[in-house]
1. Subtract the Cα-Cα distance of Phe92 and Arg132 from 0.36 nm times their separation in residues, and report this length gain in nm to one decimal.
2. So if each residue of separation counts as 0.36 nm, and I subtract the Cα-Cα distance between Leu17 and Ser51, what length gain in nm does that give?
3. Let me understand region 12-65 better: what is its radius of gyration from the alpha carbons, and its Dmax, in angstrom?
4. Which value, in debye to the nearest 20, describes the size of the charge dipole of the chain about its Cα centre when Lys and Arg Cβ atoms bear +1, Asp and Glu Cβ atoms bear -1, and nothing else is charged?
5. With N set to the number of residues, divide the alpha-carbon radius of gyration of region 62-118 by 2.2 N^0.38 Å and report two decimals.
6. Largest first and to the nearest Å, give the Cα extent of region 90-169 along each principal axis.
7. Taking only Cα atoms and a 10 Å spring cutoff, compute GNM fluctuations for the chain and point out the largest among Leu29, Leu52, Leu153.
8. Please give the per residue accessible area of the chain, computed with a probe of 1.4 Å over protein heavy atoms only, in Å².
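The values are calculated or read from the model by the stated rules, or taken from the named source; none is laboratory data. Bear in mind that the values here come from a model prediction, so they are computed numbers and not experimental data. For neighbour counting, all protein chains shown are included, and Cβ atoms are generated from backbone atoms with ideal geometry for every residue, glycine included. Quick note on the areas: whole protein, heavy atoms, side chains included, nothing else; ligands and nucleic acids left out. Shrake-Rupley method; radii C 1.70, N 1.55, O 1.52, S 1.80 Å.
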Amino acid sequence: MTAETFFQLFNQYGLILVCAVVFCEYMNLPGFPAGVIMPCVGVLIARSELSLPLTVFLSVVAGVLGSLVIYAVCYWGGEPVMVKLFGRSKKFKSLVRKCLEFIDALHGRGLAIIRVIPCIRTIVSIPAGLLRMPVKWFVGWSAAGITVWNTALISFGYFFSEKILSMVM
C-alpha cells in the first residue's frame, strides 16, 4: 500500500479510526501509545480534508468513554477486579495508591492534572473508580485533562506535519 492510498483511506474512514484507536488507548490497552498515535493523527488530519477542531473534540469524547470503561469496572468491581485485571504487581499497586492519595488531596483537580502526566494518565481511572468519585466529577475533570493532552499532541502533529513527513519520507 502506498502512502497516498493510505491517506485516501484515512480521508474516507479517518474519524471512525481515530475514535476507535483513542478509545482503546484510554482503556489502557497495550500497543496504543498516545505519544505516537496522537501526533500521527495530527499529521493525517493535516493531509486530509478533515477538521482539526472536530478531530480533537471526537478524540476527547472517545478518551472519556474509554476512561469510563475502566472507571466503571473499578467502581463496581473494586479491588478484587483490579487485581484480576492488572495482577498483583507491588509497583503497580504503589502507583495506584499514589494516584489515589493525589486525587483525594486535590479532589477532582488532581484527576485533571494526572491526565496530562505521561505513563500514569490512563491508569488514573482505576483510583477514581476505587474512590467512587462521583461520575459527573470524573467525566468533567477527565474531559478537562484529556482535552489538554489530546489538543497538544494532535496539534503538534498537525502544525508540524510537513517537517515530520520530510523526516520520515
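1. Full-extension gain reported as 12.5 nm.
2. 10.8 nm
3. Cα only, region 12-65: 10.4, 30 Å (Rg, Dmax).
4. Result for the chain is approximately 760 debye, rounded to the nearest 20.
5. 1.17
6. 47, 30, 16
7. Judging by the Gaussian network model, the answer is Leu29.
8. That works out to 55 Å² per residue.
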